[in-house]
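Read the structure below first, then the notes.
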Amino acid sequence: MSETITVYDQVEIEDFVFDPTQRIFTYPCPCGDRFQIGLDDMLDGEDIAVCPSCSLMVKIIFDEEDLAEYVDS
């Protein structure tokens, strides 16, 4: 049985902000916090960023080659 995830929106990776120190991508959430996902999670195939303050999630639109510029930063 597959699980269906309901996402708030779909967002291009270019719209996220990357923090090279923490190696995470963030994007503003309507609740006032920020959706976040780790670079390593994305390299492992994850494409859902979660807001730690509410239940909303966004799907990140990207190709695997888009991540190459962030790996060595």
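Read-outs throughout are calculated quantities, based only on the coordinates presented, and are distinct from any laboratory measurement. Predicted model only: the values in this text are computed from it and were never measured. All Cβ positions, glycine included, derive from the backbone under ideal geometry; neighbour counts span all protein chains shown.
Normalised by the residues of the chain, what does the relative contact order come to in percent, with Cα pairs under 8 Å and at least six apart? Normalised by residue count, the contact order of the chain is 32 percent.
Amide H to amide H distances under 5 Å link ILE24 with ASP19, LEU39, where only residues 5 or more positions off or on other chains count and H is placed in the peptide plane.
The base-10 log of I(q)/I(0) for the chain, evaluated at q = 0.14, 0.19, 0.25 Å⁻¹, reads -0.41, -0.74, -1.21 [Debye formula, identical scatterers on Cα atoms, solvent excluded]. Can you tell me how the stretch 2-44 classifies by the Cα gyration tensor, rounded, prolate or oblate, using a/c under 1.5 as the rounded cut? In terms of gyration-tensor shape, oblate.
Report note on the peptides 7-17, 33-43: ranked by the mean count of other C-beta atoms within 10 Å, highest first, their order is 33-43, 7-17. Scalar couplings 3J(HN,Hα) for the stretch 54-59, obtained by applying the Karplus form with A = 6.51, B = -1.76, C = 1.60 to θ = phi - 60°, are 9, 8, 6, 9, 10, 8 Hz; x denotes Gly and Pro. Our coupling estimate for the stretch 4-9, obtained by passing each phi through the Karplus curve with A = 6.51, B = -1.76, C = 1.60 and θ = phi - 60°, is 9, 9, 9, 9, 5, 6 Hz, Gly and Pro reported as x. Here the stretch 9-67 carries DSSP beta bridges of which approximately 75% are antiparallel, counting only pairs with both residues inside.
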